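Okay, so here's the structure we're looking at.
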Amino acid sequence: MKRVVITGVGVVSSLGNNKSDFWDSISSGRSGIGPITKVDTSDLRFKNAAEVRGFQASEHFDDRMMLMLDPFAHFGVVAAREAIADSGIEFDDALRDRTGVITGSCLGGKETEDAFFFDLYANKKSRVPPIAIPRSMSNAVASHVSIEYGLTGATFTTSTACSSANHAIGQAFWLIRQGTLDAAIAGGSEAPICNGNLKAWEAMRVVAPDTCRPFSKDRSGMILGEGGAMFVLEEMEAAMKRGAKIYGEVAGFGMSADAHHLTMPLVQGAAKAVKAALDDASLVPEDIRYINAHGTATQANDPMEANAIRSVFGDRADDIPVSSTKSMHGHTLGAAGAIEAAATVLGMYYSVLPPNANFTEIDPECRVNVIANEAREGSINAAISNSFAFGGLNAVLAFKRFAD
Amino acid sequence: MEGNSISEKVIRVFAEFKKVPVEDIKPNTTFEELGFDSLDGLNLIFELEEEFDLVIPDDKVQSMRSVSQVIEGIESLLAAKNEA
């Protein structure tokens with residue numbers, strides 16, 4: 001089987017609107033969580049989120065494209081452009097034919113729908129613009145990136161709530177590994193901060209009134225975030241042949257379904273996906289030296305995830321550094337796996353393990369080795385990144401430091 | 001039973017939600033006995049907010065684990081609302 005490496009990284013997030021700013025923030029433990037500015041929160045029980053700041057979409061897109069793109073597509077397309085430029089990949093006709101675009105999104109163009117439906121129901125308009133459908137479809141990012149670069153290989157979007165991006169990256173990895181594609185642009189993006197969607201999250205009663213404190217005894221729920229991250233994945237030999245900079249190797253992917261409950265996660269389901277990722281990567285538990293946790297900071301997730309980690313790694317879990325970077329970039333839903341893969345892969349590349357911010361005291365129900373508040377130096381050879389979605393759909397990626 | 005006391009209304013919301021006769025809902029009945037999981041609980045709280053035109057704060061929800069606890073909670077929230 002072929003090996004798959006990461007040669008380009010692009011990020012738009014509350015921690016910075018490019019890969020370098022993102023890494024500077026995340027490695028110094030700065031949180032991007034703050035008061036919501038995009039919508040009026042006076043009628044909401046929570047007031048904070050991790051919003052993208054200082055991002056002017058019109059600097060990246062002309063008027064015609066501005067009409068066509070929802071903010072979730074702004075984030076996704078801009079991140080993809082950065083990843084492609086970063087990789088230095090040059091597409092000729094043969095490579096375009098064998099490159100695909102695989103993106104994750106939970107909500108699609110929810111801001112667009114929210115605004116147009118508001119026009120219908122509140123403003124009593126009788127029509128919405130014809131761009132409503134193409135702007136809000138969840139596959140918009142995959143389609144726009146494929147059109148912009150002329151990429152005609154396998155291209156699609158996965159929508160599995162909070163696991164969307166991990167499922168997308170996992171599929172891209174497998175398609176290259178099995179020889180269907182030579183390269184892929186893969187990742188996820190999300191723009192969840194619109195009134196209708198915030199109201200829906202308020203009703204779930206899982207959003208923190210203050211901030212996101214994964215695995216902490218005083219945690220009070222998740223914090224929503226927006227943004228996107230994209231990667232260029234390439235078949236290893238091709239990447240080496242063109243002298244590409246290689247950030248790391250996608251080593252394995254595992255997925256599972258809890259077959260249990262829509263909102264209560266199950267230890268066995270999560271553990272099954274972690275084990276599947278290790279097996280797929282031909283790694284053993286001893287190899288894993290960092291876990292980027294799903295770590296939503298809800299009452300339900302964190303103890304479940306800690307128990308899943310213990311069930312796979314046993315007492316070795318005491319020595320494996322764990323962090324949920326959602327403590328800094330928030331829960332970006334369909335983009336989460338991608339932004340967290342960026343944190344994991346850049347962490348391995350720079351030998352710095354990103355911290356778990358806003359941490360005060362370990363919840364005794366969450367017996368994991370949390371990287372509390374400050375990044376740790378550490379050269380590691382393998383790591384995993386977990387995503388466990390509502391609906392009980394789990395997706396775990398395993399990464400290795402690159403060595404040919 | 002068409003009574004309009006708070007407790008009668010709460011019991012009616014429970015009965016309609018569970019699709020059972022109101023006689024099956026007793027004040028000491030717990031969410032567990034009704035077979036509620038966390039999502040059922042959230043949906044029931046939503047129905048109560050609609051019935052009483054109330055916002056039930058998250059911390060209040062945590063303390064509502066039986067019919068009588070819901071009645072007490074709603075009564076105190078309504079009293080606070082009427083004072084405001």
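Every number in this text was worked out from the coordinates using simple rules, so none of it is lab data. Remember, it's a predicted structure, so these values are computed and weren't measured experimentally. Cβ: placed from backbone, ideal geometry, glycine included. Neighbour counts: every protein chain shown.
Listed values, structure above:
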quantity	calculated
C-alpha center-to-center spacing [region A:338-389, region A:140-180] in angstrom	26
Region A:253-390, relative contact order in percent, only Cα pairs under 8 angstrom and at least six apart counted	30
Förster radius 60 Å - calculated FRET efficiency between residue B:39 and residue A:242 (Cβ-Cβ, nearest 0.05)	0.75
Relative contact order of chain A, defined on C-alpha pairs under 8 angstrom at six or more residues apart (%)	24
Net length gained if the chain between residue A:152 and residue A:117 were fully extended (0.36 nm per residue, minus Cα distance)	9.2 nm
Of all DSSP beta bridges in region A:253-390, antiparallel share, percent nearest 5	20
Selected from A:116, A:46, A:72 as most flexible by GNM, with chain A as the system and alpha-carbon contacts under 10 Å	A:116
Kirkwood hydrodynamic radius (C-alpha pairs) into Stokes-Einstein, region A:354-396, 37 °C and 0.692 mPa s, D in µm²/s	256
Contour excess over end-to-end distance, with Cα ends at residue A:59 and residue A:20 and 0.36 nm allotted per residue	12.1 nm
Value of [θ]222 nm, deg cm²/dmol, for chain A, DSSP H segments ≥ 4, -39500 (n - 2.57) each, nearest 500	-10000 deg cm²/dmol
Beta bridge orientation in chain A: antiparallel %, DSSP, nearest 5	70
Region B:6-83 - percent relative contact order, Cα under 8 Å, separation 6 or more	37
Mean-position separation - Cα centroids, region A:207-271 and region B:19-84, in angstrom	36
Region A:294-307 - phi-based ³J(HN,Hα) in whole Hz, Karplus 6.51/-1.76/1.60, Gly and Pro as x	4, x, 6, 6, 7, 4, 6, 5, 4, x, 4, 5, 4, 5
Shape category assigned to chain A from the gyration tensor of Cα positions, a/c cut at 1.5	oblate
Per residue, the convex hull volume that the Cα atoms of region A:145-267 enclose (Å³)	170
Candidates A:131, A:362, A:309: whichever shows maximal mean-square fluctuation once chain A is modelled as a Gaussian network with Cα springs under 10 Å	A:131
Violating pairs (Cα-Cα greater than 18 angstrom) within the set A:110/A:199; A:19/A:110; A:199/B:18; A:326/A:400	A:19/A:110; A:199/B:18; A:326/A:400
Estimated FRET transfer efficiency when R0 is 56 angstrom, pair residue A:315-residue B:69 (beta carbons, to 0.05)	0.90
Calculated FRET efficiency for the pair residue A:133/residue B:7, C-beta based, R₀ 41 Å, to 0.05	0.25
Likely footprinting exposure, A:218, A:280, fewest C-beta neighbours within 10 Å first	A:218, A:280
Alpha-carbon Rg with Dmax, taken over region B:6-83, Å	11.5, 36
Using θ = phi - 60° and Karplus 6.51 cos²θ - 1.76 cosθ + 1.60, couplings along region A:326-336 (whole Hz; Gly, Pro as x)	4, 4, 10, 9, x, 8, 8, 6, x, 9, 4
Span per principal axis, largest first, for the Cα atoms of region A:253-390 (Å)	39, 34, 30
Sequence-distant lysines (8 or more away, or on other chains) whose Cα lies within less than 17 Å of residue B:60	B:81
Antiparallel content of DSSP bridges confined to region A:4-241, in %, to 5	65
